[in-house]
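So the structure is just underneath, and the comments pick up after that.
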Amino acid sequence: MFTTSLYTIGSVLLVSIVSFSGIAVLGMRHAFVNRILSVLISFAVGGLLGDVFIHILPEMTEGHPEFFPTASLIILGGVLLSFLLEKIIHWHHCHHVDCEDHRQPLGIISLVGDAAHNMTDGLLIATSFLVDVPTGIATTIAVILHEIPQEIGDYAILLHSGYTRGRALFLNFVTALTSVVGAAIVLVLQSSLPNLEKYLLPLVAGNFLYIAIADLLPELHKQTRVSQSMLQLLGVLAGIVIMFGLTLLE
């Protein structure tokens, strides 16, 4: 249990540090940043989908094939729960610097939504490490791939909302630390609720599927040029290859 906790807390802290990736946009043109984000988003899509279909779903059926019908319903519940979360807190993912959906009144809403999202990331990472270390590492990488474009976008939103660069980075990091809270909740509950990961892992799958398909893929469709579309396809494939490569290391 100590090893699991150590891996979990270390991983969520690593994910929190990713909040400083917003520094990467300093001094860059908006158009160039958006072009980079398009590739990063496609990379994240491949990582999330690869983690679900190569790591999480096989882990769910291994040793408990009779549980899969119930797990399928929990996966659907995870998708619906993610949709409901967005609706309740008005959480809009915008991965473009000049996004019109985020103006000054929405700066605070963006922070609240980011905090809730990062807490969910902590829950997901901790759940994966309860299964085993390789699954936890794969999930952590998938989360990081998604976090990089999101944190750059969130940082740009805060700048657009009137925050200074230093304050925007600080607030992004503070909201990122809520992932530690989410991880701690799972680790505490695990001691009183055995096999907790058996029920939470399908929620992880549902959440990742929702993020990849409902949240990120629509962003990729905003780029219509053939060259950009090919880069996006290569990015998705690269993310999947990384997840598959982790199974070979296992």
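Only one entry in SER72, SER19, SER42 is under 14 Å from ALA205 (Cα atoms) and modelled with pLDDT of 75 or more, namely SER72. Consider region 128-185 and keep the residues that are in a loop (DSSP other than H, G, I, E, B) and polar (S, T, N, Q). The one that is nearest to GLY50 (Cα to Cα) is SER161.
Residue by residue, here is whether (1) at pLDDT 85 or above; (2) hydrophobic (A, V, I, L, M, F, W, C); (3) at positive phi holds:
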| site | (1), (2), (3) |
| --- | --- |
| ALA115 | no, yes, no |
| THR120 | no, no, no |
| ILE141 | yes, yes, no |
| ILE144 | yes, yes, no |
| ASN172 | no, no, no |
| LEU189 | yes, yes, no |
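Taking each residue of region 183-212 that is of a type in the set (D, E, K, R) and looking for partners that are in a helix (DSSP H, G or I) and modelled with pLDDT under 80 with beta-carbon atoms closer than 7 Å, six or more apart or interchain, yields LYS198/PHE67.
The values are calculated or read from the model by the stated rules, or taken from the named source; none is laboratory data. Keep in mind it's a predicted model, so treat the numbers as computed, not measured. Glycine gets a Cβ as well: all are built from the backbone with ideal geometry, and neighbour counts include every protein chain shown.
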